Amino acid sequence: MLANNLQTTGVTKYQQTSGGGQQASQYVRLQLGSTNASQWLVRLKQAGADVTTESIGAPTDGYVRYSHITTSQKHADGKPYDFSSITGVWGKTDTSGGSSLTQLFSQSLLDVGTAPVPPIGNLQPDHRQDVLKFIHDQSIFTPDYSSVKREQLNGRPVYVYTTKVALVPYVRMMQAFARDLGLHSLDNVDASAFQSSQPVTLVLKVDVWSHQLREVSYPEANFTESYSDYGLVDPIQIPTHTIPVNDLQTRLRNLQ
């Protein structure tokens, strides 16, 4: 499974969370290879509002649009809001703007702060072997093989592994993984800060037939993420008709 994770050209990740009167669902498509990009589709429902945003992150550019907006709130005169001037309009930013949109691709691969999930990427063979050797030598992922079970997930058989993750070598491995991909967002993370931390427990579900990771659960953080569409065949389309993202936000503020 780990070897397959490090030689995939794409995958879709899915999370769903709720709490505080808010429901959120998030799809993240990763495209890895000659063109690196990530595409996020996020739906938030809260207090009579239902908003869906779509974001695309490339290594140097970021894009966002509002795909759908409804709200029960109205203007002071009782008229409903009209979002037609912003719905479907792509806003663009770049590295000079300091926007988090330009970090979407990196965040899609390297979100170590949420859960210590196994890395997914498309590494050169020598880099892939280095990462796998480091994982093995440092015993980063230690499954409890005595408790492995088999079950069905979305109609396919999976093995379920309860796995301990050693945080210090995990962070160091992810830093090397990021550098192999030309990313440096983890360079300033101090792995030794986790020296006193106990290993955390993940539950990994691995497809019996394809040996692909299908789901990761981190019970301590109430985190679950599922994986599908390995080797994406539908490439992410970078928008060609855009306006500056600041202009898009100005349009939204003017509606209020």
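The values are calculated or read from the model by the stated rules, or taken from the named source; none is laboratory data. Just so it is clear, the model here is predicted, and its values are computed rather than measured. So basically every Cβ, Gly included, is an ideal-geometry build from the backbone, and we count neighbours across all protein chains shown. Surface areas here come from the heavy atoms of the whole protein model, side chains and all, with no ligands, DNA or RNA. Shrake-Rupley method; radii C 1.70, N 1.55, O 1.52, S 1.80 Å.
For this structure, a couple of remarks:
- Efficiency of FRET between Asp111 and Ser72 - r from beta-carbon atoms, R0 30 angstrom, step 0.05: 0.35
- Atom-type composition of the exposed protein surface of segment 51-183 places 48 percent of the accessible area on carbon and sulfur (1.4 angstrom probe).
- For Thr163, the accessible area of its heavy atoms, probed at 1.4 Å with every protein chain present, is near 0 square angstrom.
- Surrounding net charge for His68, when Lys and Arg each add one and Asp and Glu each subtract one, Cβ distance under 12 Å: +1
- Taken over segment 21-149, the convex hull of the Cα atoms encloses 183 Å³ per residue.
- Among 78-85, 194-201, the order from most to least packed when residues are scored by Cβ within 10 Å on average: 194-201, 78-85
- Kirkwood radius and radius of gyration were both taken over the C-alpha atoms of segment 100-256, and their ratio Rg/Rh is 1.04.
- Relative contact order (%) - criterion: Cα under 8 Å, at least six apart; region: the chain: 22 percent
- Per-residue extension of 0.36 nm, minus the Cα-Cα distance of Phe134 and Ile238, leaves a gain of 33.9 nm for this segment.
- The magnitude of the dipole of the chain, with charges of +1 and -1 set on the Cβ of Lys/Arg and Asp/Glu and taken from the Cα centre, is near 440 debye.
- Positive contributions from Lys and Arg (+1) and negative ones from Asp and Glu (-1), summed over other residues with Cβ under 13 Å from the Cβ of Phe223, come out at -3.
- Residue pairs, from the table Lys45/Lys164; Lys13/Lys149; Lys13/Lys164, whose Cα atoms sit over 27 Å apart: Lys45/Lys164
- Exposure check, 1.4 Å probe, all protein chains in place: Arg253 carries approximately 140 Å² of accessible surface.
- Ligands, DNA and RNA are left out, and with a 1.4 angstrom probe the accessible area of the chain is 54 Å² per residue.
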